[in-house]
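Remarks on the structure that follows.
Derivation of every value follows stated rules applied to the coordinates shown; laboratory data play no part. The model shown is predicted, which means the values in this text are computed figures rather than measured ones. Reconstructed Cβ throughout: ideal geometry from the backbone, glycine too, with neighbour counts over all protein chains shown.
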Amino acid sequence: MGKFLLRRTFGAIVVMWAVATLVFFMLRAVPGDPMLAMVFDTGDPAAAEEMRRDFGLDQPVYIQYVKYFVQVTRGNLGTSIYGSRVPVSRIVAEAFPRTMSLALLSFVLALIIAVPAGLISALKKHSAIDHGVTIVAFIGLSMPDFWLAILLIIAFAAQLHWLPAVGYVPLAQGLWPWFSHLILPTIAIGTPFAAIIARMIRSSMLEVLKADFMRVSRSKGLLEKRLLVVHAFPNALIPVVTVMGIALALLMAGTVVVENVFAIKGLGRVLIQGILNRDYPVVQGAILVVSAIFIFSNLLVDALYTVIDPRIRYD
Amino acid sequence: MAQASESKMVVPVALDAARRRRRWARHMIRDKKALIGLIVLSALILGGLFAPLVAPYDPNIMDFDMIAAPSWSHPLGTDDLGRDLLSRLIHGAQVSLFVGISTVAIALVAGVGLGIAAGYFGGWIDTIIMRYIDLQWAFPNFIIAVYLVAVFGTGLSNVIVAISLAFVDDFARIARGMVLSIREEQYIAAARTLGASDFRIMWRHILPNTMAPLIVQATFSVSYAILAEAGLSFLGLGVQASTPTWGLILAESRSFISRAWWLGVYPGLFIMVTVLSINFLGDALRDLLDVKEVQDHP
């Protein structure tokens, strides 16, 4: 298993390299080179020349590529070219905890809703509860998260004034101020995610309930409760964990959009603002970090998979 | 017994097709979700196609009746410029459905081409194609679309290219998987022995057998593409301002939602109902075609 994880980690690094390379070349291959356009916007040829030198754009592409890689591996993501020249690594470092707080809270919320909903719906197949869960899950899947976010703001911020509509407060300023700003975005991201997980749990639980070992256990006279908790549920988790990689990715995608609704300056907002401002070093940095989160969480899911299913052997 | 199986064999093709159509129709009507989806979707497509006739007002005409609550003259109210919300949403259906269907059509053709080529030829062609597809597979389609818009820039045509490319991997993987399971069948070997070209084998013998999962995937993909377009427009990465699209109307409403709830509620409702009805259809098609390769989430 150690070998397997080592190989997967190496694979993840290769993917990271591929993403970084693709991002580097694509941003430079676009017709009309946005980076140069940005530089020449100043209108002053001398200043433009200086900026080109500052950003190393006067050098051949392969040298730029090597330099870029050396810098990235040292954690230097360049400086923002929009407004004040803030280092991109600092922007990203400030955004990272916000995105992670949101993602983790949404993940927990989704599991709290999805696990019982999925299980009940599978155990009481075709009952009124099952149909209810299915319909709600369908709606959750079809509801744009940014719209849900707006509905929540209308209801709980604009009408009831219970919770703040936008913004983020660091955890250092107190638990409640931090949490209260995250409640609405968490619901907006967590709900569609819960719908997906609930449906996965329902279908994999139904598969397991049909399995031979369940019939054997039942005929041995095991108590139904023990049967479900000890035999069915852990086995139903295996396919759920497998697709959890995809699901976590969706959660992150939700975060990117919803951060923009609530004006939380997380990675998603940094990325989108960077695109809108044509601030390419920021776009590049944000893409790298967001991609790293995806790749790392997929790796984590793979590792979890080996723990949860001892039947799987890797060599 | 022998007679029965014989009579099954001589059933004329036309009758068989008619019987299949009837079975489809029965299934669609019995499955209430599918029926609802079909009705809502037809209404939306017709409304979008004939938007200038159906919509009560010109979507861009301004009025002094600004931010007016829903009433008889403006069933869904008006926005900050006094434009009729219902008319804008009906015109928005055009853009959403066009983007949804065109991007999936492009992604389907490109993805199936890549997937069949990878599966059929194998070797280094397979390796190169699948390395890229796997790389893209590691990320959600929406994020890929955002990355691509970051590279190409905003605007309707760039959004269509970005969403199409973002969905290619789904189709490529399904097509390749199907090809790998079909490739060793005897009828492929037979066709090859008869001197059929690679292209003919792929076009006439492999493609038709990969149709069922591709149809189901395409149906679900249309709904995700509509969501992706709405999301991109909502973030300001989509079509130009003033084009009435659902995502953009919702984004523009954000400054006014504290005093005009209808501006925040109805555009999203249109998106949700559209996506929901397509997902209902996809679900019914999956049952009907007995497809297990496709999941109902992006």
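Phi-derived couplings, Karplus 6.51 cos²θ - 1.76 cosθ + 1.60 at θ = phi - 60°, listed residue by residue for region A:259-268: 3, 6, 5, 8, 6, 9, 7, x, 4, x Hz, with x used for Gly and Pro. Each Cα pair under 8 Å and six or more residues apart adds its separation to the average, and for region A:94-308 the resulting relative contact order is 28 percent.
Our helix-only sum for the protein assembly as shown, with -39,500 (n - 2.57) per DSSP H run of n ≥ 4 divided by its residues, gives a mean residue ellipticity at 222 nm of -24000 deg cm²/dmol.
Evaluating 6.51 cos²θ - 1.76 cosθ + 1.60 at θ = phi - 60° for every residue in region B:240-253, the Karplus couplings come out as 5, 4, 6, 5, x, 10, 4, x, 5, 4, 5, 5, 5, 6 Hz, glycine and proline recorded as x. Positive end of the dipole of the protein assembly as shown (Cβ unit charges, origin at the Cα centre): among B:35, A:206, A:84, the Cα lying farthest that way belongs to A:206.
Which pairs, out of A:220/B:33; A:210/B:32; A:220/B:292; B:32/B:292; A:125/A:220, put more than 31 Å between their alpha-carbon atoms? Please report the intermediate quantities before stating the final value.
Details: A:220/B:33 41 Å; A:210/B:32 27 Å; A:220/B:292 33 Å; B:32/B:292 21 Å; A:125/A:220 24 Å.
From the list (A:220/B:33; A:210/B:32; A:220/B:292; B:32/B:292; A:125/A:220), the Cα-Cα distance tops 31 Å for A:220/B:33; A:220/B:292.
Just check region A:90-218 against the gyration tensor rule for me: Cα atoms, a ≥ b ≥ c as the square roots of the eigenvalues, rounded for a/c under 1.5, and otherwise prolate or oblate depending on whether a/b exceeds b/c. All intermediate terms of the calculation are to be shown ahead of the outcome.
Values: a/c = 3.06, a/b = 1.98, b/c = 1.55.
Prolate shape, in that a/c is at least 1.5 and a/b is the bigger ratio.
For residue A:75, the shell of other residues with beta-carbons less than 15 Å away shows a net charge of +2, using +1 for Lys and Arg and -1 for Asp and Glu.
Rounded to the nearest 20, the size of the Cβ-charge dipole of the protein assembly as shown about its Cα centre is 2120 debye, with Lys and Arg at +1 and Asp and Glu at -1. Of the residues A:59, B:167, A:133, the one whose Cα sits farthest towards the positive end of the charge dipole of the protein assembly as shown is A:133 (charges of +1 on Lys and Arg Cβ, -1 on Asp and Glu Cβ, taken about the Cα centre).
Normalised by 2.2 N^0.38 Å, where N is the number of residues, the alpha-carbon radius of gyration of region B:36-75 equals 1.48.
Sort region A:251-310 into rounded, prolate or oblate with this rule: let a ≥ b ≥ c be the square roots of the eigenvalues of the Cα gyration tensor; rounded if a/c is under 1.5, and if a/c is not under 1.5, prolate when a/b is larger than b/c, oblate otherwise.
Details: a/c = 5.18, a/b = 2.18, b/c = 2.38.
It is oblate, given that a/c is not under 1.5 and a/b is not larger than b/c.
When chain B is treated as a Gaussian network with alpha carbon springs shorter than 10 Å, the biggest mean-square fluctuation among B:188, B:36, B:133 belongs to B:188. Once the convex hull of all Cα atoms in the protein assembly as shown is built, its volume per residue stands at 224 Å³.
Give the longest segment of chain B that steers clear of GluC sites (Glu not before Pro) in DSSP loops with at most 13 neighbouring Cβ atoms within 10 Å, not counting the sites themselves. Mind showing how you got there, number by number?
Values: sites that count: B:184, B:185.
By the stated rule (loop sites, at most 13 other Cβ atoms within 10 Å), B:1-183.
Taken along the Cα-to-beta-carbon direction at a fixed 7 Å, the label points for residue B:110 and residue B:134 span 2.2 nm.
Which chymotrypsin sites (Phe, Trp or Tyr not before Pro) in region B:51-156 sit in a loop by DSSP (not H, G, I, E or B) and have at most 15 other Cβ atoms within 10 Å of their own Cβ?
Numbers: sites: B:57, B:64, B:72, B:98, B:120, B:121, B:124, B:132, B:137, B:142, B:147, B:152; in loops: B:57, B:64, B:72.
Answer by residue number: B:64, B:72.
Rounded to the nearest Hz, the phi-derived 3J(HN,Hα) couplings of region B:283-292 under the Karplus curve 6.51 cos²θ - 1.76 cosθ + 1.60 (θ = phi - 60°) are 4, 5, 4, 5, 4, 5, 8, 6, 9, 10, where x marks glycine and proline. Put simply, the amide H of residue A:79, placed in the peptide plane, has neighbours under 5 Å in A:88, leaving out anything fewer than 5 places away on its chain.
Spin-label pair residue A:277-residue B:127: with each label point 7 Å from Cα along the Cα-Cβ axis, the two points sit 4.4 nm from one another.
Pairs of Cα atoms under 8 Å, at least six residues apart: use those to get the relative contact order of chain B, whole percent.
Numbers: 408 pairs, mean separation 69.5, N = 298.
Relative contact order comes out at 23 percent.
Is chain B rounded, prolate or oblate when judged by the Cα gyration tensor, a ≥ b ≥ c being the square roots of its eigenvalues, rounded requiring a/c under 1.5 and prolate requiring a/b larger than b/c? Working shown, then result.
Details: a/c = 3.13, a/b = 1.66, b/c = 1.88.
Judged from the Cα gyration tensor, chain B comes out oblate (a/c at least 1.5, b/c at or above a/b).
Can you give the angle from 0 to 90° between the axis of helix B:32-49 and the longest principal axis of chain B, with both taken from C-alpha atoms, to the nearest 10? Relative to chain B, helix B:32-49 is tipped by roughly 60 degrees. Separation of region B:211-239 and region A:83-154, taken as the distance between their Cα centroids, equals 19 angstrom. Enumerate the residues in region A:277-291 having an amide nitrogen under 18 Å from the point lying 7 Å beyond the Cα of residue A:64 toward its Cβ. Output list for this probe position: A:278-288. Choose one answer from B:90, B:116, B:129: the residue with the largest mean-square fluctuation in a GNM of chain B with alpha-carbon springs under 10 Å. Largest GNM mean-square fluctuation: B:129. Of B:240, B:136, B:186, the residue with the greatest mean-square motion in the GNM of chain B, using alpha carbon springs below 10 Å, is B:186.
Calculate the FRET efficiency for residue A:50 and residue A:18 from the Cβ-Cβ distance with a Förster distance of 45 Å, rounded to the nearest 0.05. Each step should come with its number before you reach the end.
On the way: r = 33 Å, r/R0 = 0.74.
FRET efficiency, residue A:50 to residue A:18: 0.85.
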